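The values are calculated or read from the model by the stated rules, or taken from the named source; none is laboratory data. Predicted model only: the values in this text are computed from it and were never measured. Backbone-built Cβ (ideal geometry, glycine too); neighbour counts: all protein chains shown.
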Amino acid sequence: MKWSLRRAVAAGAATVVALAALSGCAASSRTPAHDGAGAGPAWSGTWAAAQQRAMPGNEWFGPNWSLAGFAEQSVRQLVRVSAGGSQVRIRLSNLYGATPLRIAGATIAVAGNGAAVQPGTVRALRFAGSPSTTIPEGVTAASDAVPLSVAPGQTLTVTAYFAEPTGAATFHQAGFTTTYRADGNHLLDQDAAAFAGETSHSWYYLTGVDVAGEPNRPGHAVVAFGDSLTDGSMSTPNSNHRYPDLLADRLIAEGKPMGVLNAGINGNMVLTDYPCFAGEKATTRVNRDLLEQPGVRTVIVLQGINDIGLGGTDTGCAAPPAVTPARLIEGHRALIHAAHTHGIKIIGATVPPFRGNPLYFTEANNATRIALNQWIRDSGEYDAVADIDRILGNPANPDTLLPAYDSGDNMHPNDAGMKAIADAIDLNTL
């Protein structure tokens with residue numbers, strides 16, 4: 001199938017070339033999260049997004065507002081939750097902020113059509129009892145609990161008003177979900193009129209939504225940890241066809257809804273920081289994106305394709321070192337150790353084939369993938385295995401994706417492939 005530049009960029013590396021101007025950015029220090037809700041309800045995550053440093057928009061993921069930030073503006077963001085409860089809170093991150101972040105106000109509601117909300121569902125959020133809060137640089141803040149009946153699979157809106165200039169925004173670039181912006185304070189608006197202008201497909205500052213109370217199942221959250229294959233690159237926007245969403249749908253259909261939290265970042269690596277595009281390496285960000293998630297009991301790791309495909313390549317932004325199977329296995333062992341140390345079950349997913357992708361594929365890279373997958377399958381170090389390689393691979397040529405699952409770049413699965421990943425996970429292992 002003919003390769004296109006758009007799809008290669010979604011893989012990660014070509015975007016890095018386009019973002020070379022940011023190559024001087026350095027990792028931000030981080031301080032412990034502030035929990036505005038205190039020691040109250042037993043929380044479980046129901047939605048999450050891994051945070052990234054501000055960066056330019058592009059033609060593949062669309063425009064974003066991260067570099068300019070916000071001033072005297074309301075931002076309304078949509079999130080589809082995976083578990084339900086009778087109480088809800090949000091978590092906001094200023095991880096990469098250069099200055100304290102002032103939140104003048106925030107609300108949560110059940111979504112209607114577009115930027116509208118269902119009448120009577122708007123709830124004003126408070127932070128340690130106050131309707132506003134200031135979040136220091138490098139810190140995540142949780143709102144207080146608010147009563148709101150949340151059903152598994154429901155879509156919520158989170159609206160924040162920024163009265164003062166925020167500076168560059170901590171955000172998640174590849175949201176594949178429409179976010180709305182309006183001038184002025186529109187926290188309580190139930191209709192969409194004020195938000196009819198500007199839209200983006202990224203999430204800003206919002207890093208988590210948590211639930212408590214019936215029918216929440218405390219301690220039953222699952223984190224999907226990985227790169228673009230988890231983040232949902234090449235899935236249909238505004239469709240919730242990322243594999244973690246489809247896994248949540250399976251659990252709901254089985255009558256066993258639990259939080260499924262997407263901690264994927266497009267282009268992310270296990271062993272190498274990609275500060276100007278894909279964030280800190282997995283072995284660093286595992287602390288905040290896995291271990292600090294409320295109620296997490298299990299993690300699914302699907303990662304390694306970018307270490308393999310970009311190793312030794314000068315992208316104009318960074319030059320990741322070439323990896324050997326042994327080094328990549330040690331990175332996976334570090335993730336296993338982190339999970340086990342905190343009593344979290346960890347499932348290893350094999351890396352799917354990518355023969356035919358002109359940016360990533362070489363015979364040597366493929367050999368590294370095969371060796372990593374063999375270790376994931378046979379070492380017994382992961383608690384369970386999801387063999388995505390064999391699920392997505394073409395039986396007639398196992399080093400290539402099955403055409404029915406190929407988005408067109410010979411590496412990323414399409415919507416059907418995302419469903420195949422979700423269906424390959426044994427629900428009993430969760």
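A few notes on this one:
- When every residue of the range 76-91 is checked against the conditions, at least one turns out to be in contact with a helix residue (DSSP H, G or I) (Cβ under 9 Å, 6 or more places away or on another chain), of a type in the set (A, V, I, L, M, F, W, C) and surrounded by 24 or more Cβ atoms within 10 Å (Cβ to Cβ).
- Residue among Pro136, Pro152 that alone is loosely packed, with under 15 Cβ neighbours inside 10 Å and in contact with a Pro (Cβ under 9 Å, 6 or more places away or on another chain): Pro136
- Subset of the range 294-323 (residues that are within 23 Å of Ala386 (Cα to Cα), in contact with a helix residue (DSSP H, G or I) (Cβ under 7 Å, 6 or more places away or on another chain) and not hydrophobic (A, V, I, L, M, F, W, C)): Gln303, Gly304, Asp307, Gly309
- The residue list Val117, Val110 contains one member that is touching a strand residue (DSSP E or B) at 6+ places or on another chain (Cβ under 8 Å), farther than 18 Å from Glu164 by Cα and buried (at least 22 other Cβ atoms within 10 Å of the Cβ), which is Val117.
- For the range 71-79, the criterion of being touching a strand residue (DSSP E or B) at 6+ places or on another chain (Cβ under 8 Å), under 27 Å from Asp249 (Cα atoms), touching a residue at least 60 places away in the same chain (Cβ under 8 Å) and of a type outside the set (A, V, I, L, M) is met by at least one residue.
- Tally, over the range 349-374, of residues that are touching a residue at least 40 places away in the same chain (Cβ under 8 Å), outside any helix (DSSP H, G or I) and either in contact with a Gly (Cβ under 7 Å, 6 or more places away or on another chain) or not small (Gly, Ala, Ser) (or both): 11
- Considering residues of the range 199-246 that are in contact with a Ser or Thr (Cβ under 6 Å, 6 or more places away or on another chain), farther than 20 Å from Tyr180 by Cβ and at pLDDT 95 or above only, the residue surrounded by the fewest Cβ atoms within 10 Å (Cβ to Cβ): Gly213
- Helices (runs of 4 or more DSSP H) contained in the range 215-317 and holding at least 1 residues hydroxyl-bearing (Ser, Thr, Tyr): 228-231, 243-253, 282-286
- Taken together, the criteria exclude Arg377 from residues that are part of a loop (DSSP other than H, G, I, E, B), in contact with an Asp or Glu (Cβ under 7 Å, 6 or more places away or on another chain) and basic (Lys, Arg).
- Taken together, Gly208, Gly219, Gly184, Gly226 contain a single residue that is within 30 Å of Tyr360 (Cα to Cα) and either polar (S, T, N, Q) or in contact with a strand residue (DSSP E or B) (Cβ under 7 Å, 6 or more places away or on another chain) (or both), which is Gly226.
- Taking the range 131-151 as the range and being farther than 27 Å from Gly112 by Cα and without any contact (Cβ under 8 Å) to a residue 60 or more places away in the chain as the test, only Thr134 passes.
- Matching residues in the range 143-166 - criterion: being within 18 Å of Asp183 (Cβ to Cβ), in a loop (DSSP other than H, G, I, E, B) and under 23 Å from the mean Cα position of the chain (by Cα): Thr166
- Flag if Ile329 is touching a residue at least 40 places away in the same chain (Cβ under 8 Å), surrounded by 17 or more Cβ atoms within 10 Å (Cβ to Cβ) and under 30 Å from Pro218 (Cβ atoms): no
- Residues located in the range 61-87, provided they are part of a strand (DSSP E or B) and in contact with a Pro (Cβ under 8 Å, 6 or more places away or on another chain): Gly85, Ser86, Gln87
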